[in-house]
1. Could you please find all residues in the range 10-62 being surrounded by 10 or more Cβ atoms within 10 Å (Cβ to Cβ) and acidic (Asp, Glu)?
2. Pull out all pairs, ordered by first then second residue, where Cβ-Cβ is under 6 Å, the residues are six or more apart or on different chains, the first lies in the range 36-49 and is more than 19 Å from residue 90 (Cα to Cα), and the second is surrounded by fewer than 18 Cβ atoms within 10 Å (Cβ to Cβ) and among the small types (Gly, Ala, Ser).
3. Which condition number does residue 25 fail, the rest of (1) out of contact with any helix residue (DSSP H, G or I) (no Cβ under 6 Å at 6 or more places or on another chain); (2) modelled with pLDDT of 95 or more; (3) not hydrophobic (A, V, I, L, M, F, W, C) being met?
4. Determine the pairs where a residue that is of a type outside the set (A, V, I, L, M), located within the range 62-75, has a partner that is modelled with pLDDT under 85 with Cβ atoms under 8 Å apart, the partner being 6 or more residues away or on another chain.
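The values are calculated or read from the model by the stated rules, or taken from the named source; none is laboratory data. Model, not experiment: these values are computed from the prediction. We place every Cβ from the backbone using ideal geometry, glycine too, and count neighbours over all the protein chains shown.
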Amino acid sequence: MANTNSSFGPVTRSDRFRTQMHKLESVARSADTRLLAQFDAETEHLLIETFGTASENLEAYKYAIVGEAETMINLPESAQEPASEDVPKKAVQQRRQVLEGCLTVLKEAEVKEEQVLTGEDHEDPPLMS
């Protein structure tokens, strides 16, 4: 994305989801369930802010919290981690997969947005009289 102010870089939607994915990795290692609950609340807020309250991504994330998002994520069995029988671990894996899916969608949208915003201006210059 074009950087209009050299002292501040733009924070894209995909950056925010990438940050959440990094947070998930550290929260997943913690035994404190309150941290995971707080992370889930932050992530749900981010999903609502980005995709709206009726989005499939939000619904998939809610199912991922309880480890029931397998059919919504649409990943083949071979792409899933083999040791996902442990429900908490499976739920973290599914959260990660939902966030990765969101990140993919956002990256594609941002590429299209940048192409539109940096494309040629086909408008004729104003007439001088």
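1. 15, 25, 40, 42, 44, 49, 56, 59
2. That search, which allows pairs on different chains as well, returns nothing.
3. (2)
4. 63/69; 63/72; 67/87; 67/88; 70/80
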